[in-house]
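Comments concern the structure below.
The values are calculated or read from the model by the stated rules, or taken from the named source; none is laboratory data. Source: prediction; values computed, not measured. Neighbour counts are summed over all protein chains in view; Cβ atoms, including those assigned to glycine, are modelled from backbone coordinates with ideal geometry.
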Amino acid sequence: MLTDPPVIPPVSLSHPRPLARRWRALRQVWREAPLSVIGGIGFLLFILLALVGPLLTPYDPIAQSFEERLQTATLKHPFGTDNFGRDILSRVIYGARNMLALTGSATLLAVGIGLLLGLVIGYAGGLIDELAMRIFDSLLALPAFLLALLLLGSLGASRTTVLIATVILYVPIVTRVVRSVVLDVKTRAYVEAAEVQGESRGYILFHEILPAVMPALAVEGSLRFSYAIFLVASLGFLGLGVARPEPDWGLMVNEARDWYVLAPWIMFYPAAAIVVLVVSINLMTDGLRRLLQYSGSTP
């Protein structure tokens, strides 16, 4: 006796919706690395603090009050005051704005320039690749902090020169990362198919190769951001960043050296802000790498 064949349900070849896939990836990151999510939340809190914090602080960060010098934490001054009677909480909040604005701008510029150079150099190859890499290798051979001091000594110490020095330091590193991905991606079948079809180099670079570069670029950009914070804070400690009396975390730590025994809170809060921000970014970077991996965005 013949029977009808079993009905096989059609197999859906469509990919899950990007939003649902990313949500599942985020839950996977939370299960495997909850500290990464906490780091991301901490970083967002610093961003929020830099944006709206200055609007909520009741004190001018550079206003001095010799009657309130070296006060411990009180309701009026939750973080206490420094040797000039300035409110430390207000200075830390305004310092967050200065730090994130400077390091964020430097990181964006370095990542943008490094992305363009890495795409062009990696895809062109040949003599252009060799010459560019030798120049970048010579820059990377010098210690980053020493090179920054040489640049600041030549250009003069200011916020603008700190920005320029940070960009010059990190462009070669970002370029090398992007170039390494481009060298791998440009030999893949879909890129070769676009070349056979006669697509322009601009189309191939920005429509075929760039999407594969973005995950590695996002992780590298987060790492450069954390390194930039340490670099700018170190330069500020040496008095080569924001000029007095503007609030700067590195400069605040330097100014507190003569008072850390009598009033340790003057040094503790700006130093803690640097540490917490850098740790938050590093944890967030690990979570970002996992998120891109689980969501299928890695090349």
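Yes or no, residue by residue, for (1) at pLDDT below 85; (2) touching an Asp or Glu at 6+ places or on another chain (Cβ under 9 Å); (3) aliphatic (A, V, I, L, M); (4) assigned to a helix (DSSP H, G or I):
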| site | (1), (2), (3), (4) |
| --- | --- |
| ALA165 | no, no, yes, yes |
| VAL182 | no, no, yes, yes |
| GLU199 | yes, yes, no, no |
| ILE204 | no, yes, yes, yes |
Next item on the list: Provide a single number: the residues in segment 22-58 that are polar (S, T, N, Q) and modelled with pLDDT of 80 or more.
Entry: 2
Check: Just one of the numbered conditions (1) under 24 Å from ALA243 (Cβ atoms); (2) modelled with pLDDT of 90 or more; (3) crowded, with 20+ Cβ neighbours inside 10 Å is not true of SER105; which one?
Finding: (3)
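Given the residues ARG134, ARG224, which is the only one that is part of a helix (DSSP H, G or I) and touching a Phe, Trp or Tyr at 6+ places or on another chain (Cβ under 6 Å)? Before the answer, list the steps.
On the way: ARG134 fails: touching a Phe, Trp or Tyr at 6+ places or on another chain (Cβ under 6 Å).
Of the residues listed, the single one that is part of a helix (DSSP H, G or I) and touching a Phe, Trp or Tyr at 6+ places or on another chain (Cβ under 6 Å) is ARG224.
Taking the stated definitions as given, is GLY287 assigned to a helix (DSSP H, G or I) and either of a type in the set (S, T, N, Q) or crowded, with 21+ Cβ neighbours inside 10 Å (or both)?
Values: assigned to a helix (DSSP H, G or I): yes; either of a type in the set (S, T, N, Q) or crowded, with 21+ Cβ neighbours inside 10 Å (or both): yes.
Yes, satisfied.
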Next item on the list: Please specify each residue of segment 250-275 satisfying the condition of being in a helix (DSSP H, G or I) and aliphatic (A, V, I, L, M).
Entry: LEU251, MET252, VAL253, ILE266, MET267, ALA271, ALA272, ALA273, ILE274, VAL275
Notebook entry, point to check: Applying the selection to segment 114-143, what residues are within 20 Å of the chain's Cα centre (by Cα), surrounded by fewer than 17 Cβ atoms within 10 Å (Cβ to Cβ) and in contact (Cβ under 8 Å) with a residue 12 or more places away in the chain?
Noted result: LEU140
